[in-house]
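Novice: This is the structure I want to talk about, given as structure tokens.
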Amino acid sequence: MSLMQSLKNLKITGISTNDSVQMPFILDTYSDPEQEELAGLISLEAQKCIEGKMLYFYASFELKEKIMYQNGDYEQMREILHKASGTSVTVILGYKKEKFKTFQIDLKSLADHFQDQRFLQLKCTVYGINHKSCKELFE
């Protein structure tokens, strides 16, 4: 059996596959910035047209190390992301049976892009896919 046939068989049986794509992102300062800061969250929204529909990939993160809230890391990281809004981040798209199902923002790509290992200390707490941007939903 050829490699190509093996790959086709994997898709037929429903094996999940991933695809990494670059997407522009923004720091969400629109939804409820006061609540975000009180909760200690960093929320990002990336966007891309998938299967003919514009989708907004939303993820909120908290810091793994609580000391990072006290030593200024949290505020510095939010400022870095706010200034970089519109630049790209790698997003890993998950497919099952060739249909788009889920995503994950690649934190290593953030750390590499900003040359700042603190971004590896983020932990995703909630994520979702929207059909409108947080800018549209909360203006």
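The values are calculated or read from the model by the stated rules, or taken from the named source; none is laboratory data. Computed from a predicted model, the values in this text were never measured in an experiment. In this analysis, Cβ positions are derived from the backbone assuming ideal geometry, glycine residues included, and neighbour counts consider all displayed protein chains. Calculation scope for accessible area: heavy atoms of the full protein, side chains included, ligands and nucleic acids excluded. Shrake-Rupley method; radii C 1.70, N 1.55, O 1.52, S 1.80 Å.
Novice: Going down the list Lys64/Lys96; Lys53/Lys135; Lys99/Lys123; Lys101/Lys132, which pairs span over 20 Å between their C-alpha atoms?
Specialist: Violating the 20 Å Cα-Cα cut-off are Lys64/Lys96; Lys99/Lys123.
Novice: Stick to the Cα atoms of region 67-119, pair each with every other, and give me the Kirkwood hydrodynamic radius in Å at one decimal.
Specialist: Working: mean 1/r = 0.0784 Å⁻¹.
Evaluated on region 67-119, it is 12.8 Å.
Novice: When the scattering of region 36-110 is computed by the Debye formula from its Cα atoms alone, each counted once and equally, what is log10 I(q)/I(0) at q = 0.14, 0.16, 0.25 Å⁻¹?
Specialist: -0.54, -0.68, -1.26
Novice: Calculate for the chain the 222 nm mean residue ellipticity that helices alone would give, adding -39,500 (n - 2.57) per DSSP H run of length 4 or more and normalising by residue count, nearest 500 deg cm²/dmol.
Specialist: So the helix-based figure for the chain works out to -8000 deg cm²/dmol.
Novice: Here is a follow-up. If you roll a 1.4 angstrom probe over the protein chains with everything in place, what fraction of the accessible area of region 44-139 belongs to carbon and sulfur, to the nearest %? Present the calculation step by step, with values, prior to reporting the outcome.
Specialist: Numbers: 2740 of 5620 Å².
That share works out to 49 percent.
Novice: Write down the accessible area per residue of the chain in Å², having rolled a 1.4 Å probe over the full set of protein chains.
Specialist: 61 Å²
Novice: At what distance in nm do the modelled label points of Lys96 and Ile50 sit from each other, each positioned 7 Å from its Cα along Cα→Cβ?
Specialist: Distance between label points: 1.3 nm.
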